[in-house]
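Step one of this worksheet: look at the structure below.
The values are calculated or read from the model by the stated rules, or taken from the named source; none is laboratory data. Keep in mind that this is a model prediction, so the values were computed, not measured. Cβ coordinates were reconstructed from backbone atoms using ideal geometry, including for glycine residues, and neighbour counts include every protein chain displayed. Quick note on the areas: whole protein, heavy atoms, side chains included, nothing else; ligands and nucleic acids left out. Shrake-Rupley method; radii C 1.70, N 1.55, O 1.52, S 1.80 Å.
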Amino acid sequence: MSGTQNAPRSIVTTESAPVRWLLTGIALLFVALFLVIPLVSVFAEAFKQGWRLYLAALVEPDAWSAIKLTLLTAVIAVPLNLVFGVAAAWAIAKFDFKGKSFLITLIDLPFSVSPVVAGLIYVLLFGAQGWWGPWLAEHDIKIIFAVPGIVLATVFVTFPFVARELIPLMEAQGSEEEQAALVLGASGWQTFWRVTLPNIKWGLLYGVILANARAMGEFGAVSVVSGHIRGMTNTIPLHVEILYNEYNFVAAFACASILALLALVTLAAKSYVEWAAARQAAEDRRHAVE
Amino acid sequence: MSIEVKNINKRFGDFVALDNINLDIQTGELLALLGPSGCGKTTLLRIVAGLETADQGSILFHGEDATDTHVRERQVGFVFQHYALFRHMTVFENVAFGLRVRPKHTRPTEAAIKQKVHALLELVQLDWLADRYPAQLSGGQRQRIALARALAVEPRVLLLDEPFGALDTQVRKELRRWLRRLHDEMHITSVFVTHDQEEALEVADRVVVMNKGRIEQTGTPEQVYDQPATPFVYQFLGDVNLFHSRVHEGWAEVGGTRFAAPEASDKAVIYVRPHEIDIQRVATDTALAGVITHVRLLGATVRLEVNVAAGDPVEVELTRERYVEGRWSVGEAVWLSPREARVYAG
């Protein structure tokens with residue numbers, strides 16, 4: 001609307017005022033109904049009976065263990081996917097090889113498979129009745145209904161985020177800068193650190209933020225492999241479900257508010273990254289014009 | 001340093017990019033690889049650089065086999081068509097890159113790097129841009145920085161892939177003269193790829209004309225222009241009119257003008273450049289009758305398009321003065337006679 005003061009709205013390209021108000025109104029109503037009110041209600045429910053109960057619900061041992069497990073899962077899964085994502089995007093964007101399109105499809109698989117199915121895959125492989133179950137039991141290695149299973153399931157569902165973000169970016173940038181670095185005598189490692197990585201840093205950060213949000217919020221796949229052992233294999237989303245089913249609404253919403261908070265932080269970080277990347281691009285353009 | 005290219009073959013799937021290429025590049029010369037797009041010139045350059053590997057054949061640097069030497073160790077300077085400057089580094093850091101990535105024991109000190117980079121930036125006359133980023137430079141400036149960056153590692157050979165291809169005409173002309181002067185000062189063995197015959201003829205000591213993965217002719221600019229070895233070279237190095245003729249007793253003819261035909265063929269193709277044709281208003285036995293259909297003013301020269309009874313329209317080039325003197329106009333009946341021609345078996 002601020003644009004109306006500087007540049008008068010062109011009559012020939014806009015709808016009439018009632019239509020504009022109606023459309024804008026519908027959009028705002030939709031946003032309020034489906035996004036703002038639920039978010040506010042999470043915090044409202046959480047704080048319904050005051051600060052003390054809210055805090056008590058969070059520091060309670062089972063809740064605290066769920067928070068720690070969620071953080072641990074993210075700390076393992078996100079760096080793994082970071083390394084994998086960069087390696088896969090590098091291979092796909094900078095080289096030609098047989099089976100490239102198959103690899104791209106494979107990377108997208110976690111997006112197209114239901115998370116519950118993803119969890120079941122791991123139960124089938126590592127569960128007591130699964131393929132490798134007996135061998136694992138023999139060697140006393142616990143994967144299903146234990147932390148490794150949760151990490152595996154989380155790695156699976158967050159698999160595509162980093163790679164998906166980087167592949168188009170790297171393909172657009174081409175590999176001429178890398179070739180130039182090689183001709184100038186740089187090793188592969190030097191080329192990666194000094195040329196490739198600085199060029200993809202914003203896209204990489206963006207992918208990591210999305211992967212992290214998904215890693216902390218994942219429910220379906222983790223639910224299947226976790227076994228819901230309180231204080232042991234419950235992540236925050238699973239803990240919220242248990243508390244809710246026990247009619248412990250304040251505690252459930254308190255834990256849910258942490259996830260909501262995480263979502264808000266992620267959004268803020270994502271916006272910042274987008275803003276910073278756009279600003280850099282704009283600066284490049286501005287200088288180019290000078 | 002001299003380069004020898006021996007029996008190089010390269011295929012991309014079914015496409016033959018290079019078909020048994022042999023080429024000697026002398027120490028200190030400036031060589032142009034000239035040809036239409038897809039003729040294999042860039043592939044050949046990249047194979048010499050080590051950015052691409054040949055299916056067969058070998059590359060010798062100064063008599064030593066460099067076929068299996070990694071691009072990193074070949075000590076070549078490579079200038080890319082689209083500059084390939086490191087976009088997140090300043091001009092200074094771009095030029096310094098090749099020095100900074102050296103292993104510790106051969107890496108110059110910070111002071112030495114600084115001195116060297118500034119010397120190179122002065123050489124390309126862009127010292128005042130040291131703190132800028134590539135995106136802040138014009139195309140011509142970027143390409144000069146790319147050249148400075150390539151020279152920083154003191155390459156034994158300088159390879160340039162369509163170095164002026166992405167620039168506009170004025171800048172191109174300026175830069176290619178500048179490259180020629182730079183080469184005269186430095187005498188570094190240089191190979192550049194181009195599809196622009198004017199550029200190749202103006203800049204290079206020697207021109208290699210390529211077509212469909214083969215070398216058509218190698219020679220000085222004068223040799224390839226004045227004594228084209230094949231019809232392709234003749235056609236590629238300037239505009240040309242084609243006439244088809246039967247051969248009678250060793251002679252082919254255009255209109256009535258006779259030219260010696262190659263032996264052992266009964267048909268010939270006669271190539272005549274537009275400026276090698278005389279135009280007049282009087283009919284003679286040896287002239288070709290036609291009608292002027294178009295007049296195109298091209299600065300100092302004028303092109304007349306003349307429709308003749310058989311075959312494609314003929315292009316005739318006149319100087320501006322002769323055009324004004326003759327007062328040629330569209331629709332006029334004229335008679336053409338070629339002064340010179342090149343005849344190939346057809």
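With the whole protein complex present, residue B:24 retains an accessible surface near 80 Å², based on a 1.4 Å probe.
By its C-alpha gyration tensor, with a ≥ b ≥ c as the square roots of the eigenvalues, how is the range A:50-288 shaped: rounded for a/c under 1.5, else prolate for a/b larger than b/c, else oblate?
Working: a/c = 2.80, a/b = 1.50, b/c = 1.86.
Taking the square roots of the gyration eigenvalues as a ≥ b ≥ c, the range A:50-288 is oblate.
Mean residue ellipticity at 222 nm, helices only, chain B: -7500 deg cm²/dmol; runs of at least 4 DSSP H residues each add -39,500 (n - 2.57), and the sum is divided by the number of residues.
Take chain A, connect every pair of alpha-carbon atoms lying under 10 Å apart with a spring to form a Gaussian network, then pick out the residue of A:76, A:92, A:37 with the largest mean-square fluctuation. Of the options given, A:37 has the highest mean-square fluctuation. For the segment B:136-145, counting C-beta atoms of other chains within 10 Å of every residue's C-beta and taking the mean gives 1.
For the protein assembly as shown, the solvent-accessible area with a 1.4 angstrom probe is 52 square angstrom per residue.
Ordering of A:170-176, B:44-50 by packing is B:44-50, A:170-176, highest average first (other Cβ atoms within 10 Å, averaged per residue).
Given R₀ = 25 Å, FRET efficiency for residue B:276-residue B:327 by Cβ-Cβ distance, to 0.05?
Details: r = 22 Å, r/R0 = 0.88.
Once the sixth-power term is evaluated, E becomes 0.70.
Bridgeable aspartates and glutamates around residue B:114 (alpha carbons under 20 Å apart, same-chain partners fewer than 8 residues away excluded): B:93, B:122, B:127, B:131, B:154. Interface area, chains A and B: about 2100 Å² of buried accessible surface, summed, with a 1.4 Å probe and ligands, DNA and RNA left out.
Among the listed pairs A:100/A:142; A:48/A:270; A:98/B:10, a Cα-Cα separation exceeding 27 Å is found for A:100/A:142; A:48/A:270.
Based on DSSP H segments of at least four residues, each scored -39500 (n - 2.57), chain A has a per-residue ellipticity at 222 nm of -24500 deg cm²/dmol. Computed over the range B:70-194, the Cα gyration tensor eigenvalues convert (square root of 5λ each) into semi-axes of 22, 17, 13 Å, ordered from largest to smallest.
Structure remark: mean-square fluctuation, Gaussian network model of chain B, C-alpha springs under 10 Å; the largest value among B:290, B:219, B:13 belongs to B:13. Comparing B:273, B:107, B:177 in a Gaussian network model of chain B (Cα springs below 10 Å), the most mobile by mean-square fluctuation is B:107.
Exposure here means at most 12 other Cβ atoms within 10 Å; with chymotrypsin sites (Phe, Trp or Tyr not before Pro) in a DSSP loop as sites, the longest stretch of chain A lacking them is A:132-246. Whole-Hz Karplus values for the range A:48-65 come out as 3, 10, x, 4, 4, 5, 4, 5, 4, 5, 7, 8, 4, x, 5, 5, 4, 5 Hz, taken residue by residue from phi with 6.51 cos²θ - 1.76 cosθ + 1.60 and θ = phi - 60°; glycine and proline positions read x. Overall size of the range B:218-346 from C-alpha positions, given as principal axis extents largest first: 43, 36, 19 Å.
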